[in-house]
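The values are calculated or read from the model by the stated rules, or taken from the named source; none is laboratory data. Quick caveat, the model's predicted, so the values are computed rather than measured. Counting neighbours? That spans all protein chains shown, and the Cβs are built from the backbone with ideal geometry, glycine included.
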Amino acid sequence: MTKKAQPMTRSLQTRIIGTEAPSLLAAQTEPLRIIRSFAFMDLCSFTKYTDEHGPIAAREVLLGFRAAVRDVTERRGVRIAKWLGDGVMVVGVEAGTLASTAVDIVNRIHTSELDVRGGLSTGPVLFVDGDDYVGRAINLAARLCDLAEAGEVLADGDSCHELPGWIVAEQYKSVRVKGLGTRSDLMRLGVLDGYRAPLWELPG
């Protein structure tokens, strides 16, 4: 795979950092728009696994998956926004840190029966009620997760300009993303040989 530097888009060049004086902040009438990175990840073939092994085994797998996600997110300093059944939504301030989290999780959870896939996007979103986000970046991350194959992480260009050296990026094909138009800036992310963590083992 070939790693490519991605330019920061115009939408990310102005960041609202929340350091305005109280008098200025109180005078603002527009909702706060902030730059955040989002990742969606889910277990592939989980329904099939449940059908073949039963609900007790499936529950143990799900708990093991969530434990692995919590371990990686805690070590990398990003936040689990919500659990989504056999998936998860993660949010971070720095694109490179969130990309590292998603690539780490997806590449270490690989077995003969189950894999994880992921989608990442970075952009301006509305911050609502102190714990919720609304915006295109969230929708794009979810759509990219749906598009990804088992073991893949797909990311938009805005999530790829701060990648650490152990992540490799390969240009992905141009695709039409449902409700979000055609995207030609997508990248497939992976781990450089020699930097992989020990593989996750199925519980039981």
(message) Based on this model, can you work out whether Asp71 counts as in a helix (DSSP H, G or I) and not basic (Lys, Arg)?
(response) yes
(message) Given the criterion modelled with pLDDT of 95 or more, over 25 Å from Asp185 (Cβ atoms), of a type in the set (S, T, N, Q) and touching a helix residue (DSSP H, G or I) at 6+ places or on another chain (Cβ under 7 Å), identify the matching residue among Thr73, Thr101, Thr97.
(response) Thr73
(request) Assess whether Ser11 counts as being closer than 22 Å to Tyr133 by Cα, at pLDDT below 65 and not aromatic (Phe, Trp, Tyr). (result) yes
(message) Report every pair of residues separated by at least 6 positions or lying on different chains whose Cβ atoms are under 9 Å apart, first residue within region 46-70 and in contact (Cβ under 8 Å) with a residue 12 or more places away in the chain, second of a type in the set (Phe, Trp, Tyr) and outside any helix (DSSP H, G or I).
(response) Gly64/Trp200; Phe65/Trp200; Arg66/Trp83; Ala68/Trp200; Val69/Trp83
(request) Would you please name the residue that is surrounded by the fewest Cβ atoms within 10 Å (Cβ to Cβ), looking only at residues in region 100-140 that are touching a Cys at 6+ places or on another chain (Cβ under 7 Å) and of a type in the set (A, V, I, L, M, F, W, C)? (result) Leu114
(message) I need the full set of residues from region 190-204 which are within 21 Å of the chain's Cα centre (by Cα) and over 20 Å from Glu60 (Cα atoms), in order please.
(response) Gly190, Val191, Leu192, Tyr195, Arg196, Ala197
